[in-house]
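All remarks here apply to the structure that follows.
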Amino acid sequence: MTQHPTSKEPLVIGVLALQGAYEAHARALRALGAEPRLIRTPDELTGLDGLIMPGGESTTMLKFLERNGFFDILKSFAQTTPTFGTCAGAILLATEVENPPQRSLGLLPITVERNAYGRQIDSSILEEETTLPGGPLEMVFIRAPRIRAADPAVETLASRDGFPTLVRLGHLMAATFHPELSADTRVHQLFLETVRRFKEGQIPGAITSSSHR
């Protein structure tokens, strides 16, 4: 059974609404008792408890983020606030991006290969083992990146073919699949638990791009 947040005030979670299935993320958060807010401008980051950066096309997302200083503001935000990147969002969080290389926020010490699992026609839905309670985890892959390497400090919570698909380090999380397209809410629930623990001081604070290099 899904556990809903127990705090009196709902967690306010932003969903970067530049591309991707941001409405699906918002629905999942709302079902778990959180208050989702769609984020399209830098000033809308104010007052959030956490942020989800959804899938899409990472180079296109970068073009949006280059306006109004959004990229640098988002980087500062994610250094000090729980942030979860899915698919293209995971690419943006990574310290190293390959196939081809591109700019990223450089906060989560992982190496990511773009489009490693093929074109959109090669999309798939798999069930794989996970360390999350509740048995195998459904994972929806759409032109998915692959986490080729990760710093030893990064916790792997699920894998595919020996490569991490769901990882966490402190207040940062990344998934190479689309949890918003699955009926399984455990990944969103994990992020909400991470946000709550961070607010309660149970997770260390700021992270920098050089912290784990």
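Of all residues in the range 64-102, how many are of a type outside the set (Gly, Ala, Ser) and within 18 Å of Ala144 (Cα to Cα)?
Here is the first cut: in the range 64-102, the ones of a type outside the set (Gly, Ala, Ser) are 64-68, 70-75, 77, 79-84, 86-87, 91-93, 95-102.
Among the residues that remain, those that are also within 18 Å of Ala144 (Cα to Cα) are: 84, 86-87, 91-93, 95-102.
Adding up the residues that qualify gives 14.
Which residue pairs have Cβ atoms closer than 7 Å, lie 6 or more positions apart in sequence or on different chains, and pair a first residue in the range 42-63 that is under 16 Å from Pro145 (Cβ atoms) and charged (D, E, K, R) with a second residue that is in a loop (DSSP other than H, G, I, E, B) and at pLDDT below 95?
Glu57/Gln19
Over 21 Å from His25 (Cβ atoms) and modelled with pLDDT of 95 or more: which single residue out of Ala175, Ala149 fits that description? Before you say what the answer is, go through the steps one by one.
Working: Ala175 fails: over 21 Å from His25 (Cβ atoms).
That would be Ala149, the only listed residue that is over 21 Å from His25 (Cβ atoms) and modelled with pLDDT of 95 or more.
Does Glu96 meet the test of being surrounded by fewer than 18 Cβ atoms within 10 Å (Cβ to Cβ) and modelled with pLDDT under 95? Spell out the reasoning first.
Details: surrounded by fewer than 18 Cβ atoms within 10 Å (Cβ to Cβ): yes; modelled with pLDDT under 95: no.
So Glu96 does not fit the description; no.
Go through the range 7-29 and give me each residue that's small (Gly, Ala, Ser) and either farther than 15 Å from Val195 by Cβ or surrounded by 18 or more Cβ atoms within 10 Å (Cβ to Cβ) (or both). Spell out the reasoning first.
We begin by selecting, within the range 7-29, every residue small (Gly, Ala, Ser); these are 7, 14, 17, 20-21, 24, 26, 28.
Matches in the range 7-29: Gly14, Ala17, Gly20, Ala21, Ala24, Ala26, Ala28.
Out of Gly162, Gly106, Gly118, Gly69, which single residue is within 29 Å of Leu11 (Cα to Cα), surrounded by fewer than 19 Cβ atoms within 10 Å (Cβ to Cβ) and either among the charged types (D, E, K, R) or at pLDDT below 95 (or both)? First the steps, then the outcome.
Details: Gly162 fails: within 29 Å of Leu11 (Cα to Cα); Gly106 fails: either among the charged types (D, E, K, R) or at pLDDT below 95 (or both); Gly118 fails: within 29 Å of Leu11 (Cα to Cα).
Testing whether each residue is within 29 Å of Leu11 (Cα to Cα), surrounded by fewer than 19 Cβ atoms within 10 Å (Cβ to Cβ) and either among the charged types (D, E, K, R) or at pLDDT below 95 (or both) leaves just Gly69.
The values are calculated or read from the model by the stated rules, or taken from the named source; none is laboratory data. Bear in mind the structure is a predicted one, so any value in this text is a computation, not a measurement. Glycine also receives a Cβ, built like all others from the backbone with ideal geometry; neighbour counts cover every protein chain displayed.
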